[in-house]
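Since the structure comes first, as structure tokens, the remarks are kept for the end.
Bear in mind that the values in this text are calculations on the coordinates, not laboratory data. Since the structure is predicted, the reported quantities are computational estimates derived from the model, not experimental observations. As a convention, Cβ positions derive from the backbone with ideal geometry for all residues, glycine included, and neighbour counts pool all protein chains shown.
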Amino acid sequence: MYQVGDLVKELSDKHGRDRSSLMPILQGIVDKHNYLTDEAMVEVAKELDISAAEVYGTASFYTFLDTRERGKYVIRVCKTITCSMKGKNEILQTLEDMLKIKVGETTSDKMFSLLETNCIGWCHKAPAMLINEMPYTELTSEKVVEIIKSYMTK
């Protein structure tokens, strides 16, 4: 089993050990483990010689640095006014009905987490969502069902 301390040291060797290395180290942990545990944030604080509160403050500020365990596939539905005007609520309802979870929850099999997020940069093709880092745009309920079905078979 890969120890979080080993990963933090590896990422610190790669990115450096000063305050400017905090974001790439946190991103590296999320890439590897899907979220930041309290243990990981304490290890980062020790390695960079900064307070654990500063690490947690940074992690909790950024939407994509999850501090809670998430599913294998994290669905982030854009909640901007443009997406709202073009059907975001219908998209969310479809996802909630299909996955049997509400926004902020994770399916019992840990496959999917459903979140709302601020602008993801696809307003011109709203409504939009990300699944992990893959954008999906110009969504309809039918399109969402097909997308989620494709992830269920992966």
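In this structure, T140 and Y35 have a Cβ-Cβ separation that, at R0 = 41 Å, corresponds to a calculated FRET efficiency of about 0.85.
Rounded to the nearest 10 degrees, the angle from helix 52-61 to the longest Cα principal axis of the chain is 20 degrees.
As an exercise, use a Förster radius of 41 Å and the Cβ-Cβ distance of D18 and E96 to find the FRET efficiency, rounded to the nearest 0.05.
Numbers: r = 43 Å, r/R0 = 1.05.
Working from the Cβ atoms, E equals 0.45.
Only counting other Cβ atoms within 10 Å, I'd like R17, R70 sorted with the fewest neighbours first.
Details: R17 14, R70 19.
Ordered by Cβ neighbours within 10 Å, fewest first: R17, R70.
For n ≥ 4 DSSP H runs only, could you compute -39500 (n - 2.57) per run for the chain, divide by its residues and tell me the 222 nm figure to the nearest 500? Write down the numbers at each step before the final one.
Details: 7 runs with 74 residues, N = 154.
My calculation for the chain gives -14500 deg cm²/dmol from helical runs alone.
For the listed residue pairs K86/K125; K110/K149; K72/K149; K100/K143; K79/K154, the alpha carbons are over 20 angstrom apart in K79/K154.
For F112, the residues 5 or more places off, or on other chains, whose built amide H falls under 5 Å of its own are K72, Y73, T107.
Taking the number of other C-beta atoms within 10 Å as the exposure measure, put D66, D97 in order starting with the fewest.
Listing D66, D97 from fewest to most nearby Cβ atoms yields D97, D66.
Stretch M85-K154 to full length: gain in nm at 0.36 nm per residue minus the Cα-Cα span? Extra length from M85 to K154 when fully extended: 21.6 nm.
Taking the C-alpha atoms only, the angle from helix 88-99 to the longest principal axis of the chain is near 80 degrees. Any idea what angle helix 4-15 forms with the longest principal axis of the chain, computed on alpha-carbon atoms, 0 to 90 degrees, nearest 10? Approximately 90 degrees, to the nearest ten.
Each of I131, I29 has some number of other Cβ atoms within 10 Å of its Cβ, and from fewest to most they run I131, I29. Straight-distance candidates among the lysines for linking to K46, with alpha-carbon spacing under 27 Å and chain neighbours fewer than 8 residues away dropped: K9, K14, K32.
Counting only the Cα atoms, the chain fills a convex hull of 120 Å³ per residue.
Length gained on full extension, E133 to F61: 24.0 nm, using 0.36 nm per residue less the C-alpha separation. The length gained by stretching the chain between V42 and N118 to full extension, at 0.36 nm per residue less their Cα-Cα distance, is 24.6 nm.
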